[in-house]
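Peer 1: Before I ask anything, let me first share the structure, which is written out below as structure tokens.
The values are calculated or read from the model by the stated rules, or taken from the named source; none is laboratory data. Computed from a prediction, not measured in an experiment: that's the story for all the values here. Ideal geometry is used to build each Cβ from the backbone, glycine not excepted, and the neighbour counts take in all protein chains shown.
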Amino acid sequence: MAKPRILAGSAKGRTLETPDRGTRPSPSRLREALFDALQFRERGRFLDLYAGSGAVGLEAASRGFRATLVELDRAAAAVLRRNARRLRLDAEVLQADALTIARARPGRYEVVFAAPPYALDLATIFLEIVRAAPVKAGGVYLFQHPTSLDWASERAHDLAELGHPLERISRRRYGSNQLTRIAAE
């Protein structure tokens, strides 16, 4: 697999070192679409939960967001720190549990992105992130998952109770991946 590259911003074209195992960099097509959708958004705080290779969080930092990348795996977190230093990106890297950080920082971010390992119970994780409410009013949640998982429809009742009716939820497919977007009011 080719090493992911930063697509735009101050580190455009630079490659990322990736951990030896255990990560799945978000495809460039998905990252490009994600940041195209955010291009007119103020460059505030960006939280990348389950950061893995850092392809999304470091892209956010390259494009001017104040990025926080959260990764539980010690070796992967070390790679994220090296990439941020090498690319001279202002990114906070936390070696911690993603849900713990989301719960500890309510209302702090304009954008929250999460792409947990696909083997986990993604619907429950995504719902817990929304329940923790790390996104400010007017912000957005972006969740990457396999196209076969329609977790928002499965958890529509829970999301509506949290103030996120299905009318404010959109989904886009990018090959075998899907991006679910939830606008926070």
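Peer 1: So if I check each of VAL93, VAL130, which one is farther than 22 Å from GLU59 by Cβ, in contact with an Asp or Glu (Cβ under 9 Å, 6 or more places away or on another chain) and surrounded by 14 or more Cβ atoms within 10 Å (Cβ to Cβ)?
Peer 2: VAL130 is the lone residue from the list that is farther than 22 Å from GLU59 by Cβ, in contact with an Asp or Glu (Cβ under 9 Å, 6 or more places away or on another chain) and surrounded by 14 or more Cβ atoms within 10 Å (Cβ to Cβ).
Peer 1: From ALA78, ALA51, ALA84, ALA61, grab the single residue that is in contact with a Leu (Cβ under 6 Å, 6 or more places away or on another chain) and farther than 23 Å from TYR118 by Cβ.
Peer 2: Of ALA78, ALA51, ALA84, ALA61, the one residue that is in contact with a Leu (Cβ under 6 Å, 6 or more places away or on another chain) and farther than 23 Å from TYR118 by Cβ is ALA61.
Peer 1: I'd like the residue in the stretch 97-119 that is over 15 Å from the mean Cα position of the chain (by Cα) and farther than 22 Å from ILE169 by Cα and, out of all such residues, is surrounded by the fewest Cβ atoms within 10 Å (Cβ to Cβ).
Peer 2: Among those that are over 15 Å from the mean Cα position of the chain (by Cα) and farther than 22 Å from ILE169 by Cα, it is ALA119.
Peer 1: Which of the residues spanning the stretch 75-128 are modelled with pLDDT of 95 or more and either in contact with a Cys (Cβ under 7 Å, 6 or more places away or on another chain) or of a type in the set (Asp, Glu) (or both)?
Peer 2: GLU92, ASP97, GLU110, GLU128
Peer 1: Now for a separate question. Exactly one of (1) at pLDDT 90 or above; (2) touching a Gly at 6+ places or on another chain (Cβ under 9 Å) is unmet by GLY22. Its number?
Peer 2: With (1) at pLDDT 90 or above; (2) touching a Gly at 6+ places or on another chain (Cβ under 9 Å) applied to GLY22, the lone miss is (1).
Peer 1: Of everything in the stretch 41-62 that's touching a Ser or Thr at 6+ places or on another chain (Cβ under 8 Å) and more than 18 Å from ALA183 (Cα to Cα), which residue is surrounded by the fewest Cβ atoms within 10 Å (Cβ to Cβ)?
Peer 2: So, considering only residues that are touching a Ser or Thr at 6+ places or on another chain (Cβ under 8 Å) and more than 18 Å from ALA183 (Cα to Cα), the one surrounded by the fewest Cβ atoms within 10 Å (Cβ to Cβ) is SER62.
Peer 1: Something else: For the condition crowded, with 21+ Cβ neighbours inside 10 Å, touching a helix residue (DSSP H, G or I) at 6+ places or on another chain (Cβ under 9 Å) and either basic (Lys, Arg) or touching a residue at least 12 places away in the same chain (Cβ under 8 Å) (or both), what is the one hit in ILE182, ILE169?
Peer 2: Sole residue among the options that is crowded, with 21+ Cβ neighbours inside 10 Å, touching a helix residue (DSSP H, G or I) at 6+ places or on another chain (Cβ under 9 Å) and either basic (Lys, Arg) or touching a residue at least 12 places away in the same chain (Cβ under 8 Å) (or both): ILE182.
Peer 1: Please tell me if ALA75 is in contact with a Gly (Cβ under 9 Å, 6 or more places away or on another chain), over 15 Å from LEU47 (Cα atoms), surrounded by fewer than 17 Cβ atoms within 10 Å (Cβ to Cβ) and of a type outside the set (D, E, K, R).
Peer 2: Spelling it out, ALA75 is indeed in contact with a Gly (Cβ under 9 Å, 6 or more places away or on another chain), over 15 Å from LEU47 (Cα atoms), surrounded by fewer than 17 Cβ atoms within 10 Å (Cβ to Cβ) and of a type outside the set (D, E, K, R).
Peer 1: May I pose another question? Residues that are among the aliphatic types (A, V, I, L, M) and under 18 Å from GLY139 (Cβ atoms): find the helices (runs of 4 or more DSSP H) completely inside the stretch 1-96 holding 1 or more of those.
Peer 2: Output list reads 28-38, 55-62.
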